[in-house]
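Everything on this sheet refers to the single structure shown next.
Computed from the coordinates by the stated procedures, all read-outs in this text should not be read as laboratory data. Computed from a prediction, not measured in an experiment: that's the story for all the values here. Here the Cβ is made from the backbone with ideal geometry for all residues, glycine too, and neighbour counts use every protein chain on show.
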Amino acid sequence: MTTTLDWLGTATFRLTIGELVIFLDAYMDRVPDAPPVGLSAKDVTKADYVLVGHSHFDHIAGADVIAKNTGATVIGSHESCRVMREAGVPDGQLKASSGGERHRLSPEVTVRVFPSLHSCTWILTDPAPDEEEHGHTGLTQEERAACPGLVQRVTEIVAAGGETAQVLREHILGATASMSDGGPLVFLIETPQQAIFWQDTSGCWTGTFDGIEADVAILGVSGRPNVNGEPIQGSMAQFIAMEAKALGAKQVFLGHHDNWMPPVTRETDVAPFHAELARQAPGATLTETGYLAGTVIAP
Ligand SMILES: [Zn+2]
């Protein structure tokens, strides 16, 4: 049984295990200035499952289109399933999960769901991946709300007006999505050959990794990582290497590191991830892949 992985930009991937087709997020239809990924949600003709990491537009948007066109089942949080239900996806195609579930995807393949955390969107952050950040700990929600965060930056761009602002505004507000992350989830897909861990944002409860092992880790790179409810005291590269090491991963793929929403985002340099993995998790190799590259995952 051959397993192939296609990156579709942002943190979206298509995982094909033999005949089974699983979308990991569904966000392919991005702002016009983002590089095209080569596939639109409306053109997807085969999908058995769509796993949704969280309910923000840059992850869930498109899952409704795929589900309605292909009959695929969506597995996501209760908030993600509410968004899908309101978009007209039948209840029979929704498996609401909060972490702790194991769903069968085919006679040979199952997926385990775990609770997770979103990156710290309340901190405005744009350092290089190997640049350490410190502070911002011990804050209440009210104190966090007073920080100049990512949402504030987007709000400022939109408020500045002009064509770009209008495009962003319509894109974000028009998406089938939620302003709430809905409670991020991570997934462990287990085949007879390998265990594949997927995460679409940068946060974790480190205890989640106790007792789980993954051959392959697909890890989201976005914003200031969140470790056990507090912003990481360190760098993004250190966060990714920590996760890869905790999972015992042999092969690492990154997600969310392309220029997915210019002018808010830019392309992330991946060199620091190679270096930090070599230091912290020497058993893990970072595989760089382009959109729709059809990377075969070794058993
Ligand atoms: Zn998000």
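Points to keep in mind about this one:
- Gain on full stretching of the segment that runs from E142 to A271 - 0.36 nm per residue minus C-alpha separation: 42.8 nm
- What you get for the range 101-168, charging only the Cβ of Lys and Arg (+1) and of Asp and Glu (-1), is a dipole of about 480 debye around the Cα centre.
- Distance between the range 140-200 and the range 217-255 - C-alpha centres, whole angstrom: 18 Å
- Percentage relative contact order, the chain, counting C-alpha pairs under 8 Å, at least six apart: 21 percent
- Cα gyration tensor, the range 221-299 - rounded (a/c under 1.5), prolate or oblate: oblate
- Nearest-0.05 FRET efficiency for R104 and K42, computed from C-beta distance (R0 30 Å): 0.60
- Packing around the peptides 195-202, 19-26, taken as the average count of other Cβ atoms within 10 Å per residue, puts them in this order, highest first: 195-202, 19-26.
- Amide H contacts of R224 (H built 1.01 Å from N, in plane; Pro and chain starts excluded): C120 sit under 5 Å, all sequence-distant by 5 or more or on other chains.
- Gyration tensor verdict on the chain (Cα atoms; rounded if a/c is under 1.5, prolate if a/b is larger than b/c, oblate otherwise): rounded
- Distances between placed amide hydrogens fall under 5 Å for T201 paired with G220, all partners being 5 or more residues away or on another chain.
- Cβ crowding within 10 Å averaged over residues, with 66-78, 129-141, 84-96 ranked highest first: 66-78, 84-96, 129-141
- In the range 1-157, taking the dipole from charged Cβ atoms about the Cα centre, the farthest positive-side position among T2, V154, T70 is held by T70.
- Under a model in which nothing but the beta-carbon of Lys, Arg (+1) and Asp, Glu (-1) is charged, the chain shows a dipole of about 620 debye around its Cα centre.
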